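The next block holds one structure in the form of structure tokens; read it before the comments.
Read-outs: derived from the displayed coordinates by stated rules, not from any lab. From a predicted model like this one, the values you see are computed outputs, not experimental measurements. Positions of Cβ are generated from backbone atoms using ideal geometry, with glycine treated the same way; all protein chains shown enter the neighbour counts.
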Amino acid sequence: MHALKSAPLRKQHESLRKHIDALKNHLDLKLLAHNASEVRRGMTQLYGEFAQHLQHEAKELYPPFEEADAAESVKEVAAKFGAEMKQKLPQLAEFNRRWPSADAIRAECSVFVKEADAFLQWFERRLIAENTELYPLLDKLDGNAQAFLNNPDLKIARI
């Protein structure tokens, strides 16, 4: 049996979740002023890994859904996920720009905590939705392709 096509994407999600958890641990108003530099570094790491993840998805995830032989319902699910991300990316970029430094975070800790909490909650929900709704569709498409290629009746066609 071959590895699931979504395996590398899921592994990236695990790493992103670790960054999210680390940031969530710092969303305490009493500690944030002291940990603002660490929080800003954590945000930079999260955004960097997220950018790489989005590039990977653009290459490996969405193209199979756009192929003609993908079911219309599958295409619709992929389109829904893609549209949500296109809508959310400017908001995520604005959040990152709004908090460019530890000093900016320290200056408005309570506002940062509120915004960061909302951002991290959305991010977690998105990762869960991708893992449970989108990636299984990719694996099924990939599984169907593998079953087709492994069909002994098609041996002549593969030569």
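Table for the structure above
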{"quantity": "Computed label-point distance, nm, for sites Glu67 and Asp28 using a 7 Å Cα→Cβ extension", "calculated": "5.0"}
{"quantity": "222 nm mean residue ellipticity, helices alone, for the chain (DSSP H n ≥ 4; -39,500 (n - 2.57); rounded to 500)", "calculated": "-27000 deg cm²/dmol"}
{"quantity": "Candidate lysines for bridging to Lys80, where Cα separation is under 28 Å - those fewer than 8 sequence places away on the same chain excluded", "calculated": "Lys5, Lys11, Lys18, Lys24, Lys59, Lys88, Lys114, Lys140"}
{"quantity": "Rg and Dmax [Cα atoms of segment 1-64; Å; Rg one decimal, Dmax integer]", "calculated": "15.2, 51"}
{"quantity": "0 to 90° range, to nearest 10: angle between helix 7-24 axis and the chain longest Cα axis", "calculated": "10"}
{"quantity": "Size of segment 7-149 as Cα extents on the principal axes (Å, biggest first)", "calculated": "58, 24, 20"}
